[in-house]
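The values are calculated or read from the model by the stated rules, or taken from the named source; none is laboratory data. A quick note: this is a predicted structure, and the numbers were derived from the prediction, not measured. Because the Cβ atoms are built from the backbone with ideal geometry, glycine has one as well, and the counts that use them run over all protein chains shown. Side chains are part of the model used for accessible areas, which takes the heavy atoms of the whole protein and leaves out ligands, DNA and RNA. Shrake-Rupley method; radii C 1.70, N 1.55, O 1.52, S 1.80 Å.
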Amino acid sequence: MTESGPDGRAVDRLPGVAELDAGRAVRRGIPEAVYGQGKSVEQLVAIATALRGRADGRTALFTRMDAPRAEAVAAVLPGVRWDERAGLLAWPGEPPAPRGGLVVVACAGTSDIPVAREAWLTARHLGCRVELLVDVGVAGLQRVLARRELFERAAAVVVVAGMDGALASVVAGLVAAPVVAVPTSVGYGASFEGLAALLAMLNACAPGVAVVNIDNGYGAGHLAAQIAHANLDPDDQRTGQ
């Protein structure tokens, strides 16, 4: 059932399940996302059905999606793309034409790849040019320095790291672009499931570091996309062109 919200925008009301913000893409320039974890398959199918009924061509993202949830949504939405490692499902599956500046997503180690892929895919499906760098942690600093030219071309950099979380400070000290830091829950016991990396990133001495929550690749990719799109005309941002 579609109704008008307080701002006059359309709201898809699914009683007992959700109220989908149909006007978010117009209002904010970036469409909504559906957090899959904790939702039942039936709830996700109801949400996907409402999105299919809208069919306005804008991207819809489903995050934290396991195989049963992804398969159920794929049966409702034709042409989805699900990345198992990132747990992210996009509809339509093909990313929109890129616009704005370059986003570079760099992860410290191979174990950080799932979170890095969530950030990478989020930025891609929100209309950015994105490069993904894997295994460039500070244990081998030459790997970061070898990619410095790419970092310097970025409008925004997402740094994904667990353990000591030091990579964010290193990158922020090398480049002019804002750094979005993502602590991950990768590490031994004293990492406290990502808390050590989170605190290290919050205490970064290099300025220009913004920190999202532990393992929040979606939030990092979203913020980086907003930064990369900041040089667009305001009308283009609102319409997603």
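For the range 53-103, how big is Rg over Rh, using alpha carbon atoms and the Kirkwood form of Rh? It would help to have the intermediate numbers written out before the result.
On the way: Rg = 11.9 Å, Rh = 11.8 Å.
That ratio is 1.01, to two decimals.
Over the range 77-165, what percent of the accessible surface lies on carbon and sulfur atoms, probe 1.4 Å? Can you show the working numbers first?
On the way: 1830 of 3590 Å².
Carbon plus sulfur share of accessible area: 51 percent.
Among DSSP beta bridges whose residues both lie in the range 53-182, state the antiparallel percentage, nearest 5. Please report the intermediate quantities before stating the final value.
Values: 6 of 21 bridges.
Roughly 30 percent of the beta bridges in the range 53-182 run antiparallel, per DSSP.
Applying a 10 Å radius around every beta-carbon, put 115-124, 91-100 in order of their mean neighbour count, most first.
Working: 115-124: 28.7, 91-100: 16.2.
Result, highest mean first: 115-124, 91-100.
With a 1.4 Å probe and every protein chain left in place, tell me how much accessible area Ile30 has, in Å² to the nearest 10.
10
When Lys and Arg each count +1 and Asp and Glu each count -1, what net charge do the other residues less than 11 Å away from Val175, Cβ to Cβ, add up to? Intermediate results must be reported in sequence, preceding the final value.
Numbers: positive: Arg147, Arg148, Arg153; negative: Glu149, Glu152.
Once all neighbours under 11 Å are counted, the net charge is +1.
Once you sort the root eigenvalues of the Cα gyration tensor of the range 108-241 as a ≥ b ≥ c, which label holds: rounded (a/c under 1.5), prolate (a/b larger than b/c) or oblate (the other case)?
Values: a/c = 1.87, a/b = 1.55, b/c = 1.20.
Here the range 108-241 falls in the prolate category.
Around Leu102, with a cut-off of 15 angstrom between Cβ atoms, what is the net charge of the other residues, counting Lys and Arg +1 and Asp and Glu -1? Before the final figure, lay out each step's value.
Working: positive: Arg99, Arg124, Arg129, Arg147, Arg148, Arg153; negative: Glu131, Glu149, Glu152.
With Lys, Arg at +1 and Asp, Glu at -1, the net is +3.
Just to confirm a number: summing +1 for Lys and Arg and -1 for Asp and Glu over residues other than Leu198 whose beta-carbon lies under 12 angstrom from that of Leu198, what do you get?
Working: positive: none; negative: Asp164, Glu193, Asp215.
With Lys, Arg at +1 and Asp, Glu at -1, the net is -3.
Which value in nm describes the separation of the simple spin-label points at Glu84 and Ala139, placed 7 Å from the Cα toward the beta carbon?
Modelled inter-label distance: 2.6 nm.
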